[in-house]
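The values are calculated or read from the model by the stated rules, or taken from the named source; none is laboratory data. On a predicted model such as this, the values are computed, not experimentally measured, just so you know. Cβ placement follows ideal geometry from the backbone for every residue including glycine, while neighbour counts extend to all protein chains displayed. These accessible areas exclude ligands, DNA and RNA; they are computed on the full protein's heavy atoms, side chains included. Shrake-Rupley method; radii C 1.70, N 1.55, O 1.52, S 1.80 Å.
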Amino acid sequence: SAPAATAPKPPKPLPASAMKMQQESLDKIGIASSINADLAGIEKQIADGKLSFGPVSNLANAGLNLIGKSTEESRNFGTFKSTLERLRNESLRLNTGVQTDGDAQRAWNELFQNINDTGLERQRLKEIQAINKRGADLQALRIDSIRNEYGAEPLDPSAYAKQPSAIAAPNDAGKEQRYQEWK
């Protein structure tokens, strides 16, 4: 009778240190996706004419929110302002490394310094999204490298890269209804 074929041994599980590095990278991919989804939500508000910037409109929107007479645009402006610092901190944690960190820092600084120019804000939002995507791509390469080093099968991080935006689309009746039902 023919000798029994021997199946290749399955790869050993990743060591705890490699698992920790892999999870850190997966978390960073999720962070990049969340940031970019929120920035895309802000960009959509701008594109739809529901958020604009200018010295007078910024002051007017802040004032309307302050006195309790908010409008859709003033609420969007308030969300934009309150969301920026959180997104900046997360983006800078994601984009580490001399060149990447410098790119991200410069883009965020320009975003904060030019809140009076809608066109420039849109440009910076797109630039930051590209920088974050590059950071997420580098994290995916890191995961591939870790897994390859230990002979593990590739890991698809795409589930981490599909985070929804926390910036609700204004006047989206379906989302508003689901939100009211959840509350």
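What the table shows:
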{"item": "Residue ID - farthest from the chain's Cα centre (by Cα), chosen from residues in the range 75-93 that are within 22 Å of Ser25 (Cα to Cα), in contact (Cβ under 8 Å) with a residue 40 or more places away in the chain and open to solvent by 20 Å² or more (accessible area, probe 1.4 Å)", "result": "Arg93"}
{"item": "Conditions (1) loosely packed, with under 14 Cβ neighbours inside 10 Å; (2) closer than 20 Å to Glu85 by Cβ; number of the one not met by Pro55", "result": "(2)"}
{"item": "Test: Ala130 is part of a helix (DSSP H, G or I) and either over 21 Å from Gln45 (Cβ atoms) or open to solvent by less than 20 Å² (accessible area, probe 1.4 Å) (or both)", "result": "no"}
{"item": "Among the candidates Gly63, Gly41, residue that is out of contact with any Pro (no Cβ under 8 Å at 6 or more places or on another chain), within 16 Å of Leu125 (Cα to Cα) and either outside any helix (DSSP H, G or I) or open to solvent by less than 60 Å² (accessible area, probe 1.4 Å) (or both)", "result": "Gly41"}
{"item": "Hits in the range 107-125 (condition: part of a helix (DSSP H, G or I) and either among the hydrophobic types (A, V, I, L, M, F, W, C) or surrounded by 14 or more Cβ atoms within 10 Å (Cβ to Cβ) (or both))", "result": "Ala107, Trp108, Glu110, Leu111, Phe112, Thr118, Leu120, Glu121, Arg122, Gln123, Arg124, Leu125"}
